[in-house]
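Below is one structure; the comments refer to it alone.
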Amino acid sequence: MRCNVFLLIALFFGIISSFSQSKQEREFRIEEAIFPTNAKNLLNPYLIDSKRIRFYKEFDGEKISFEAKFKKDRLKYSIEFSESGMLEDVEFIIKKVDIPDSTFEAITSYLIGEHGKYRIKKIQQQYLNREEKPKEVLKVAFQNLILPEINYEIIIAAKDDKGYAEYEITFNSDGKHLLSRRSTKPEYDHILY
């Protein structure tokens, strides 16, 4: 009886926590042979002269995806594909000086309003494959074009009612808030970069 009550309580809290807007990723480094062939074929031209090429399989609690990470022309890229090998997005790490001033002012205004005191840990420029044109998305991303359809994904550390937490916040090219997720520490079976 006591075990059943404990199981019921654990199940209840598990269901409640799954409804919260948090990001829990588990990422495994994989061999290149396991990476989807169609994704690899699409990436091959961009891997020429790249360094530190790594392949990963990721599970975020809802879906499985594959990711290629590498360094090219002094930028650190992360290119994500669906389980079937369809391009989802291209991201690379940038600095705040790479964001247009008016956009960064809008982002800063939002962050101060929502979090008060915060520290930016990482900024990524993001190109989504919205129209299912992967070759065009890759071409534009590797040209580093500032287009109206790009996003900025910012990871911050901020204090909330439970102490300090990490948040992943996405903004559009004008600095308008699109999505916020509280991040939990990722579980890695290896060290990234």
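Worth a mention:
- From the list ALA68, ALA158, ALA106, the lone residue that is part of a strand (DSSP E or B), more than 17 Å from ALA39 (Cβ to Cβ) and among the small types (Gly, Ala, Ser) is ALA158.
- Tallying residues that are open to solvent by less than 50 Å² (accessible area, probe 1.4 Å), modelled with pLDDT of 95 or more and either within 14 Å of the chain's Cα centre (by Cα) or not hydroxyl-bearing (Ser, Thr, Tyr) (or both) within the range 101-115 yields 4.
- Test: residue in the range 57-73 that is aliphatic (A, V, I, L, M), more than 15 Å from the chain's Cα centre (by Cα) and at pLDDT 95 or above: no
- Residue pairs meeting the criteria (Cβ under 9 Å; at least 6 apart or on separate chains; first within 13 Å of TYR46 (Cα to Cα) and free of Cβ contacts under 8 Å to residues at least 24 places away in the same chain, in the range 133-147; second crowded, with 16+ Cβ neighbours inside 10 Å and of a type in the set (A, V, I, L, M, F, W, C)): VAL140/VAL90; VAL140/ILE150
- All conditions in (1) over 23 Å from ARG181 (Cα atoms); (2) at pLDDT below 95 hold for GLN24, with the sole exception of (1).
- Selection from the range 164-179 of residues that are open to solvent by less than 20 Å² (accessible area, probe 1.4 Å) and assigned to a strand (DSSP E or B): ALA165, GLU168, ILE169, THR170, PHE171
- Which numbered condition LYS162 fails, given (1) more than 24 Å from ARG74 (Cβ to Cβ); (2) in contact with a Phe, Trp or Tyr (Cβ under 9 Å, 6 or more places away or on another chain); (3) charged (D, E, K, R): (2)
- Condition check for GLY61: within 22 Å of PHE28 (Cα to Cα), of a type in the set (Gly, Ala, Ser) and surrounded by fewer than 15 Cβ atoms within 10 Å (Cβ to Cβ): yes
The values are calculated or read from the model by the stated rules, or taken from the named source; none is laboratory data. Here the structure is a predicted model, which means the values were calculated and not measured. Neighbour counts run over all protein chains shown; Cβ positions are idealised from the backbone, glycine included. All accessible areas refer to the heavy atoms of the entire protein, side chains included, with ligands and DNA or RNA removed. Shrake-Rupley method; radii C 1.70, N 1.55, O 1.52, S 1.80 Å.
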